[in-house]
Amino acid sequence: MPVTSADPRTMGARHAPKRRMRLAWSDPLFRSLVWQVVILGIVSAIGWYLVSNTNKNLAARHIATGFGFLDRVAGIPIGESLISYEPASDTYGRALWIGVLNTLKVAGIGIVLATILGTLIGIGRLSSNWLMAQLTGFYVEVIRDIPLLLQLLFWYTALQGLPAPKLSWRIGDAVFLSNRGIKVPYVVWENAHTWALVAFLIGVVGTFLWNRRARAKQEATGVRPAVWPAALGLLLALPLAVWAVLGAPTDVELPVLRGFNFQGGGTVSPEYFALLLGLVLYTAGYIAEIVRSGIQAVALGQWEAAGALGLRRGAILRHIVLPQALRVVIPPMTSQYLNLTKNSSLAVAIGYQDVVSIANTTLNQTGQAVEGIAVIMAVFLTISLSISLFMNWYNARIALVGR
Amino acid sequence: MTGFGRWNTRSTVLAGLVAGCVLGGLAPAPAHADGSGSATLDAAIKRGQMLCGISGQVPGFSLADSQGVMRGLDADTCRAVAAAALGDAAKAKFVVTTTQNRFTALQSGEVDMLSRSTTWTLSREGNLGLMFAWVNYYDGTGFLVKKSAGVKAAKDMDGATICVQPGTSTELAINDFYRVHKMKFTPILIQDTPEIQAAFLSGRCDAYSTDASALATFRFSQGAKADDLVLLPDIISKEPLGVMVRKGDDKWFDIVRWTFAAMIVAEEKGITQANVDTFMTSTDPDIRRLLGLEGEMGKALGVDPKFAYHVIKAVGNLGEMWDRNITPMGVPRGINNIWTKGGLQYAPPMR
């Protein structure tokens, strides 16, 4: 297989020798400089025109402008929030921040789940099992052909079809499924839990270091020491021990039906669940195709060579094919992550309060439409650029390096 | 990151900037010296249509009938203004707006007026560059619940989940109400009217809250199932639903305002759609001025002298508009009556 992961044209490794620029049209350096100045000038002129025209028209229409509204008391109700919110005293700024967190909550978890599901389905499409290959192929075709908005409305309506709280489906006295959402028991958080979490994180770092040592040893001696006993101890036994030493608190808050609705316990609202479900299932269809094409992009000779070495199919996939496929898969995967994040703004349709929903309400209550849209754009630009930066960093990291 | 990728990012910023600022580019034509004095009216005459923002989803206010004709109080308000301004009620062109895009639609000139159950508040008039010409329905926020819930009053609804449309004065009113009574509620905010009504009917919320008028007409539209729904007696806020125009075109504001005055005067005088022609020989100076038989009322507004005649001929007087659109929904007129019958609708003299 040719080594193609990094295009030499984009690496900028070779430069022509430096020389002085002449002030003549025949000098390519001078020409390019002139063009850059001209283009920059046109772009800034357009930008200046648009901004000044907007300001002039806003003033002509007597529309209040500025971001001062962010400090005003909001008074708008918000259904679900990761941080505390009191409409009587909190500001529009905080309300919008809640919207940002709600967007991140659905996008972050959505990306993880869509990646897992999409990868499984993508591998499934290549399965030698006829039923599995056909079923996953059917899934991909159907899910990609139905508009996402329709799918979201479908899931939301389906969740509303669940029984009322009093008649909810239940698993014991702990988990309740009703048209008010999924109610789950909530562990009463105490210091012991915090320290157990800290211990777990230390365990993760420890496992990582142990794994690196093991690899170094393998490269030096050819014998790989077992990693799993250390991992088990660090990831499971250590946090458990910390938790047990600190008194092993086991208080669990159960949801109880009182009045109109359940009180206590944790909630997954139907709005959030419908949005997450819709986004994950939809994006997984595309990710599945990316993974499938990535695997098929690995030359058949790689499979055969690995088979000739006596590796089993699963091992070939894990150790030979997937690492190579990853290089093909990452760039298109980045666009799917960006798509999922941006598609989360369809939340407006089913009443999940993401940043677009809250910004819309804010601009409606305050009349600051240009500022509201600017906030939405800034938020999505920031999130999208962060995802892009991370994925590009990861892409560069896994790129094939010549040794 | 390659250089190419960085350029993409920059062009994204630029595209966003362009999109955000285009809003400002939609400037209506400036007032012509030789026109009526109202840029909005001149544009409407040239277009042959008066663009009127409605909701298009609320029975009794604006909802298309089986023939596709827009029916309701808000729709008839549009027709009345079109009849006054252009002499023809059929020149009212209905533009469907949502609770969230209604103000930008009016600000940007997409519509000439907004007749969309919009509450007249200080901050809206102060911040939006828009103003309210008249109130076509004096309303208040109410709650609709299911009979099976056994709720008798709004105070019984501590801990309830309430369906409400975002960007409305209703959501602020509910917040105030729960704050004053030191109770808690969970809001479910859905923009689309049919979607939020479906959410309420499916049991996602314990109550559906909006203007009591819209709740009454929604309940009525449920037909036989209306008896399963209860409109709570509490009205928790004042919601004067008004007709809005842009600031800066005072002549247009005048036309919209005096269209209402004309319909009220007509009701005071007993002039209806059916009998208006018999008043053309009246000797009552008020009626003669109203119908353009003497004085220069129309000219002062910059419209046809018989503008009020066109309005009455097209939609009738204020009471007729009510009887045609709201009475069938089973809502009593109450404070929406004219002042001589104990209501709030009072017209200044047309002289």
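FYI, it's all coordinate maths here, none of it is from the lab. Computed from a predicted model, the values in this text were never measured in an experiment. Cβ: placed from backbone, ideal geometry, glycine included. Neighbour counts: every protein chain shown.
For A:SER178, enumerate residues with amide H under 5 Å from its amide H, sequence gap 5+ or separate chain, H modeled in the peptide plane.
A:LYS183
Under 10 Å, Cα contacts only: if you run a Gaussian network model on chain A, which one of A:LEU326, A:LEU346, A:LEU135 comes out with the highest mean-square fluctuation?
Its mean-square fluctuation being the largest, the pick is A:LEU135.
Please say if chain A is rounded, prolate or oblate, where rounded means a/c under 1.5 for a ≥ b ≥ c the square roots of the C-alpha gyration tensor eigenvalues, and otherwise the choice is prolate for a/b larger than b/c and oblate otherwise?
Here chain A falls in the oblate category.
Say each of B:ASP234 and B:THR340 gets a label point 7 Å from the Cα, pointing the same way as Cα to Cβ; how far apart are those two points in nm?
With each label placed 7 Å out from Cα toward Cβ, I get 3.9 nm.
Return B:CYS205, B:CYS78 ranked ascending by Cβ neighbour count within 10 Å, so the fewest neighbours appear first. Working shown, then result.
Details: B:CYS205 28, B:CYS78 31.
By the 10 Å Cβ count, ascending: B:CYS205, B:CYS78.
Assigning unit charges at the beta carbon (Lys, Arg +1; Asp, Glu -1) and nothing else, what dipole magnitude in debye, to the nearest 20, does the protein assembly as shown show about its Cα centre?
3220
Taking the Cα centre of chain B as origin and charging only Cβ (+1 Lys, Arg; -1 Asp, Glu), how large is the dipole, in debye to the nearest 20?
Details: 36 positive and 35 negative charges, 127 e Å.
Dipole about the Cα centre, nearest 20: 620 debye.
Under a 10 Å cutoff between Cα atoms, tell me which one of A:GLN263, A:GLN324, A:GLN160 has the largest fluctuation in the Gaussian network model of chain A.
Of A:GLN263, A:GLN324, A:GLN160, the Gaussian network model singles out A:GLN263 as fluctuating most.
What whole-number distance in Å separates the alpha-carbon centres of the range B:186-224 and the range B:46-112?
That distance is 23 Å.
For the range B:54-105, what log10 I(q)/I(0) values come out of the Debye formula at q = 0.17, 0.18, 0.29 1/Å, with one point per alpha carbon and no solvent?
Treating every Cα as an identical point scatterer, log10 I(q)/I(0) equals -0.51, -0.57, -1.09.
Please give the calculated 222 nm ellipticity per residue for chain A, where each DSSP H segment of at least 4 residues contributes -39500 (n - 2.57) and the sum is spread over every residue; nearest 500 deg cm²/dmol? Kindly include the intermediate steps, with their values, before the conclusion.
On the way: 14 runs with 249 residues, N = 403.
Counting only the DSSP helices, I get -21000 deg cm²/dmol.
What are the ³J(HN,Hα) values, in whole Hz, obtained from phi via the Karplus relation 6.51 cos²θ - 1.76 cosθ + 1.60 with θ = phi - 60°, for each residue of the range B:298-310 in sequence order, with x given for Gly and Pro?
Coupling constants for the range B:298-310: x, 4, 4, 8, x, 10, 4, x, 9, 4, 5, 4, 4 Hz.
Sort all Cα-Cα distances of the range B:251-292 into consecutive 10 angstrom bins from zero, then give the percent of pairs in each bin up to the one containing the longest distance.
In order of increasing distance, the bins hold 27, 54, 18, 1 percent.
In 5 Å bins starting at zero, report the fraction of Cα pairs in the range B:141-237 per bin as a rounded %.
2, 14, 28, 30, 18, 7, 1, 0
Let me know the Rg and Dmax you get for the range B:164-319 when you use only its Cα atoms, in Å.
Calculated on Cα positions, Rg and Dmax stand at 21.8, 63 Å.
Mind checking A:383-393 for the average number of partner chain beta-carbons within 10 Å of each residue's beta-carbon?
Numbers: counts 0, 2, 3, 0, 0, 4, 3, 0, 1, 4, 1.
Mean shielding by partner chains, rounded to a whole number: 2.
Using a 10 Å cut-off around each Cβ of peptide B:156-168, what is the average number of partner chain Cβ atoms that fall inside? Spell out each step's value before the answer.
Details: counts 2, 2, 2, 6, 3, 8, 3, 1, 2, 2, 13, 8, 4.
Partner-chain Cβ atoms within 10 Å, mean over residues of B:156-168: 4.
Mind checking which helices in chain A clear 27 Å along their axis (Cα) and have mean Kyte-Doolittle hydropathy of -0.5 or more, DSSP H runs only?
Details: long enough: A:28-60 (47 Å, 0.93); A:92-125 (48 Å, 1.30); A:191-221 (44 Å, 0.18); A:270-297 (40 Å, 0.99); A:322-343 (29 Å, 0.05); A:369-398 (43 Å, 1.41).
Membrane-span-like by this rule: A:28-60, A:92-125, A:191-221, A:270-297, A:322-343, A:369-398.
Averaging sequence separations of C-alpha pairs under 8 Å and six or more residues apart, then dividing by the length of chain A, give the relative contact order as a whole percent.
22
Using a Förster distance of 56 angstrom, determine the FRET efficiency expected from the C-beta separation of A:LYS342 and B:LYS313, and round it to 0.05. Let's see the in-between values first.
Numbers: r = 52 Å, r/R0 = 0.93.
Once the sixth-power term is evaluated, E becomes 0.60.
Per DSSP H run of at least 4 residues, take -39500 (n - 2.57); add these up for chain B, divide by its residues and hand me the 222 nm value, nearest 500 deg cm²/dmol.
On the way: 13 runs with 133 residues, N = 351.
The helix-only estimate for chain B comes to -11000 deg cm²/dmol at 222 nm.
For the protein assembly as shown, what is the per residue volume of the convex hull drawn over the alpha-carbon atoms, in cubic angstrom?
233
Relative to the present Cα-Cα distance, how much length would full extension add between A:TRP169 and A:ILE83 at 0.36 nm per residue of separation? Could the numbers behind the result be given before it?
Values: separation 86, 0.36 × 86 = 30.96 nm, distance 2.93 nm.
The A:TRP169-A:ILE83 span can extend by a further 28.0 nm.
Rg (Å, one decimal) plus Dmax (Å, integer) for the alpha carbons of the range A:247-334?
That works out to 22.7, 68 Å for Rg and Dmax.
Work out from phi, with θ = phi - 60° and the Karplus expression 6.51 cos²θ - 1.76 cosθ + 1.60, the ³J(HN,Hα) of each residue of the range B:66-75, listed in order in whole Hz, and give x for Gly and Pro.
Per-residue couplings from phi come out as 5, 8, x, 8, 6, 10, x, 4, 5, 5 Hz.
Under 14 Å from a point placed 7 Å out from the Cα of B:ALA300 along the Cα-to-Cβ direction: which residues of the range B:263-288 have their backbone N that close?
From the range B:263-288, the list is B:286-288.
Excluding the sites themselves, what is the longest stretch of chain A that contains no chymotrypsin sites (Phe, Trp or Tyr not before Pro) in a DSSP loop with at most 14 other C-beta atoms within 10 Å? Can you show the working numbers first?
Details: sites that count: A:TRP25, A:PHE67, A:TRP189.
Within chain A, the longest run free of exposed chymotrypsin sites (Phe, Trp or Tyr not before Pro) spans A:190-403.
What residues qualify as long-range amide H neighbours of B:GLY167, i.e. H under 5 Å apart, gap of 5 or more or another chain, H built at 1.01 Å from N?
When sequence neighbours closer than 5 places are left aside, there are no close amide H contacts.
Can you list the lysines whose alpha carbon is less than 29 Å from that of B:LYS91, not counting same-chain residues fewer than 8 positions off?
Reachable lysines: B:LYS46, B:LYS247, B:LYS251, B:LYS269, B:LYS299, B:LYS306, B:LYS313.
Out of residues 5 or more away from B:ALA64 or on other chains, whose amide H comes under 5 Å of its own, with H placed 1.01 Å from N in the peptide plane?
So B:ALA64 has HN proximity to B:ARG71.
If r is the Cβ-Cβ distance from A:ARG313 to B:ALA149 and R0 is 56 Å, what FRET efficiency results, to the nearest 0.05?
Numbers: r = 59 Å, r/R0 = 1.05.
Rounded to the nearest 0.05, the efficiency is 0.45.
May I ask you to compute the full-extension gain from A:LEU23 to A:ILE146, defined as 0.36 nm times their residue separation minus their alpha-carbon distance, rounded to one decimal in nm? Spell out each step's value before the answer.
Working: separation 123, 0.36 × 123 = 44.28 nm, distance 5.87 nm.
Length gained between A:LEU23 and A:ILE146: 38.4 nm.
Write down the radius of gyration of chain B and its Dmax, each obtained from C-alpha positions, in Å.
My reading of the Cα-based Rg and Dmax gives 22.5, 86 Å.
Looking only at the range B:154-192, which residues have a backbone nitrogen under 18 Å from a spot 7 Å from the Cα of A:VAL73 in the C-beta direction?
B:169-185
Would you mind telling me which residue in A:VAL188, A:VAL112, A:VAL204 has the biggest mean-square fluctuation in a Gaussian network model of chain A, where springs connect alpha carbons within a distance under 10 angstrom?
Among A:VAL188, A:VAL112, A:VAL204, the largest GNM mean-square fluctuation belongs to A:VAL204.
Just report the Cα centroid separation between the range A:218-268 and the range A:73-138, whole Å.
23
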